[in-house]
1. Quick one: putting +1 on the C-beta of Lys and Arg, -1 on the C-beta of Asp and Glu, what dipole do you get for the stretch 153-224 around its Cα centre, in Debye to the nearest 20?
2. Rounded to the nearest 20 debye, what is the charge dipole size of the chain about its Cα centre when +1 sits on each Lys and Arg Cβ and -1 on each Asp and Glu Cβ?
3. ³J(HN,Hα) across the stretch 259-270 via Karplus (A = 6.51, B = -1.76, C = 1.60, θ = phi - 60°), whole Hz, x for Gly/Pro?
4. Relative to a virtual label point 7 Å from the Cα of Ala187 in the Cα→beta-carbon direction, which members of the stretch 443-477 show backbone nitrogen distances below 11 Å?
5. Kirkwood Rh over Cα pairs of the stretch 232-320 into Stokes-Einstein at 37 °C, 0.692 mPa s: D in µm²/s?
6. Given a cut-off of under 8 Å on Cα pairs at least six residues apart, what relative contact order in percent is computed for the stretch 396-461?
7. Taking amide hydrogens as modeled 1.01 Å from N in the peptide plane, which residues meet the under 5 Å criterion relative to Thr368, leaving out close sequence neighbours?
8. If you project the alpha carbons of the chain onto their three principal axes, what span does each projection cover, largest first, in Å?
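The values are calculated or read from the model by the stated rules, or taken from the named source; none is laboratory data. Predicted model, so just to flag it, every value in this text is computed and none were measured. Neighbour counts run over all protein chains shown; Cβ positions are idealised from the backbone, glycine included. For the accessible areas, the whole protein counts, side chains as well, though only heavy atoms, and no ligand, DNA or RNA atoms are used. Shrake-Rupley method; radii C 1.70, N 1.55, O 1.52, S 1.80 Å.
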Amino acid sequence: MHEQQLPGWADPSVSPADLDAQGVSRRGLLRRAGLFGAAFALGPAPTPALAADQQGFGGDDPRLAYLVGDHHVHSVYSHDAKYTFSQQARAAAQYGLDWMVFNEHSNFGHAHHGAEMEHKEILKARAENPRQLIFQGLEWYIPAAEHCTVFAAPGPHEVDLLTRFELAFDGKLLNYTEGSAAATDTARNEAHAVKAIRWLAEQRRTGYVDDVLVLANHPLRLGIDSPHEMRNWRDAAPEIMIGMEGAPGAQGAALPGWRGATSIRGEYENKPSAQSWAGYPADAYVTYGGFDWATATVGGLWDAMLAEGRLFSITTNSDNHRTVFDTWKNGDWPAGQNFDNTGRLPDPVDTDVPQPGSDFWPGQFSRTHVGVTRYGYRAVMAGLRAGRVWLDHGHLLDGLDARLKRDRDHGRGVTLGGRLRVRKGEKLTLNVTVTTTSRPNSQGGLPELAHVDVIRGAVRGPVADRDAWRAPDTKVVQTKDVSGRTGTYTLRIPVTAGDESFYLRLRGSDGNRNGAGYLGASVDPHGPIPHVPGDGDPWADTWFYSNPIFVDVTGA
């Protein structure tokens, strides 16, 4: 590993005059967090957070800087993508990403050739631009299910881990995925997925790699990730399998007049198949305000998992394969070459004519914000594991900070992903600090936040029915109208602990499109709604979501 450097916005030696508008804004956020200068330095992450059922309670959370990233990016080392590694890395830097994961599709060509070639490019990029955190990953075809991002901390075995995992556990390579004859052996295939996650956890435990994480990708796109499978993956190694995409990539898929009259944001354009889980309604196969039904439905599958009292994070990303309105096309194969024998597509060629595509560049539209106390690879992974995560589309916000504290305490309180132990009936305050967008997004508009919703759900512990997808005691409990507010402001929201443990999470939007949530207006009076097929302009319908804060209630 070559020496890392702080990003320019966090480096006191970089003059404010040398920063762009985004850098100036982020430096301001860092100053307000009390982390600018020596307080925000290079170095190892804090001790990784314990699994949710092992975490302590109360106490002050650390002051945090939020690093912006994308864990789902493809290049010529994926058989169905288009761009070179350098094109993707440059775009990520242009749109302000601090970290990114190249998670190329599993393939024999990738395992035998491409992974090692890409690793050399990653090492070179880390040396040439030490301010950018670039992870190497894999898009794992889960046996009996969809896809996952798998990525490791940089180190001597990062690429070996991925290729060993790919050859031993990838559903596509083993013919254990949808559409293959072997896919009907459901019990074996589901067990193999659990075995795979436990294997990854063992590589971390023994020190073969410093760290490794797994996130489920586009979970409801095909409806083949059943609730019990997702719970089984989480329970196999909760320190490894930490969450799922709350919103998929391909957010430009339904731009009016672009891909066709049946196009849906996220390319969620499927119907139930023979291998889909039968308990999902037909409405689960489309996106709501660009978000996966499992996340967008208040009281739905994500809430059902949180209601067990265990953290399960959400993210968003580009899943970039082919950018909307881009003019590049795949290059032609030389005679005798193909992906299986090279592991790499030919370099793309610029045609000067718009080409088919559904995606945005990394960081252009979808952003995952991770709270850290240091700058570095392990710090990002520790922040993801701890659940210090919020996400936005269209650059809706510059900053978000949430802290829940007892009214009798003087500390700052616990933040996203944290836990607070309180007494029955105790008075609490949720402080939500919003920093509004200070500059136009790449579409030329200045996003405006219209409302902030507080969602509360009861924690009831592990469910008897592992396929339960409803959390009947979760609902929107408060909505704050913030239309017209600019700069940085704090909402102080009173909360009272009742008889049982609970969690709180946040959501908000530009207010352009909303309606009764999937489970009704009494649960969610103004939630995200689907777009008409072929007419889903993502820039006109942007949302933010946060991870939960858990509250464990004890007797009076």
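1. Numbers: 8 positive and 10 negative charges, 36 e Å.
It works out to roughly 180 debye.
2. Values: 55 positive and 66 negative charges, 400 e Å.
It comes to approximately 1920 debye.
3. For the stretch 259-270, the Karplus-derived couplings read 9, x, 6, 9, 6, 10, 3, x, 6, 8, 10, 10 Hz, x marking Gly and Pro.
4. Backbone N within reach: none found.
5. D = 228 µm²/s.
6. 36 percent
7. Residues meeting the amide H criterion: Gly69, Thr316.
8. Principal-axis extents of the chain (Cα, largest first): 74, 58, 53 Å.
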